[in-house]
Amino acid sequence: QVQLEESGGGLVQAGGSLSLSCTASGVWFSWYTMRWYRQSPGTEREFVASITGRNERSYSESVKSRFTISRDNAENTVYLQMNNLKPEDTGVYYCNTEIGSRPYWGKGTLVTVSS
């Protein structure tokens, strides 16, 4: 059974940094693209960043140059380093992967950026 568990969220002032982690179990981790999404109240879940098994990275325009996605296949973990945080980065951050076109999601971790 595939499980994803996020951690690292919290409250931070604008301009600050946070590092999120997502640990996977029940999956041959190194094979799969891992993604981060976020959702703010009243909005749809939106793509933030992704990293393939070959460490090819992609970012949304709103976070490019501020966020960095990385992975440690030995630890089955994907990270999201978030710098220069803005109030509009506030939301629940979710880890995601797809196996055979079936999506898997973690329960999310809340990030709150105060102005």
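The values are calculated or read from the model by the stated rules, or taken from the named source; none is laboratory data. As the structure is a computational prediction, the values presented were derived from the model and not from experiment. Ideal geometry is used to build each Cβ from the backbone, glycine not excepted, and the neighbour counts take in all protein chains shown. Note: areas computed on protein heavy atoms with side chains; ligands, DNA, RNA excluded. Shrake-Rupley method; radii C 1.70, N 1.55, O 1.52, S 1.80 Å.
Points worth noting:
- The numbered conditions (1) within 17 Å of Leu4 (Cα to Cα); (2) at pLDDT 95 or above are all true for Gly100 except (2).
- Whenever a residue of the range 41-65 is more than 14 Å from Leu80 (Cα to Cα), its partners that are open to solvent by 90 Å² or more (accessible area, probe 1.4 Å) and at pLDDT below 95, lying with C-beta atoms within less than 7 angstrom and at least six residues away or across chains, give the pairs Gly53/Trp31.
- Listed here are the strands (runs of 3 or more DSSP E) enclosed by the range 64-115 that have at least 2 residues being exposed (fewer than 12 other Cβ atoms within 10 Å of the Cβ): 102-105.
- Residue selected from the range 2-13 under the condition open to solvent by 30 Å² or more (accessible area, probe 1.4 Å) and not in a strand (DSSP E or B), by the criterion farthest from Thr112 (Cα to Cα): Gly8
- Enumeration of residues in the range 19-35 that are closer than 17 Å to Arg57 by Cβ, hydroxyl-bearing (Ser, Thr, Tyr) and part of a strand (DSSP E or B): Ser19, Ser21
- For the range 52-63, filtered to residues that are within 21 Å of Ser25 (Cα to Cα) and out of contact with any Ser or Thr (no Cβ under 6 Å at 6 or more places or on another chain), the residue that is most open to solvent (accessible area, probe 1.4 Å) is Arg54.
- Evaluation of Gly16 against the conditions (1) open to solvent by 40 Å² or more (accessible area, probe 1.4 Å); (2) assigned to a loop (DSSP other than H, G, I, E, B); (3) modelled with pLDDT of 95 or more; (4) not aromatic (Phe, Trp, Tyr) shows that the sole unmet condition is (1).
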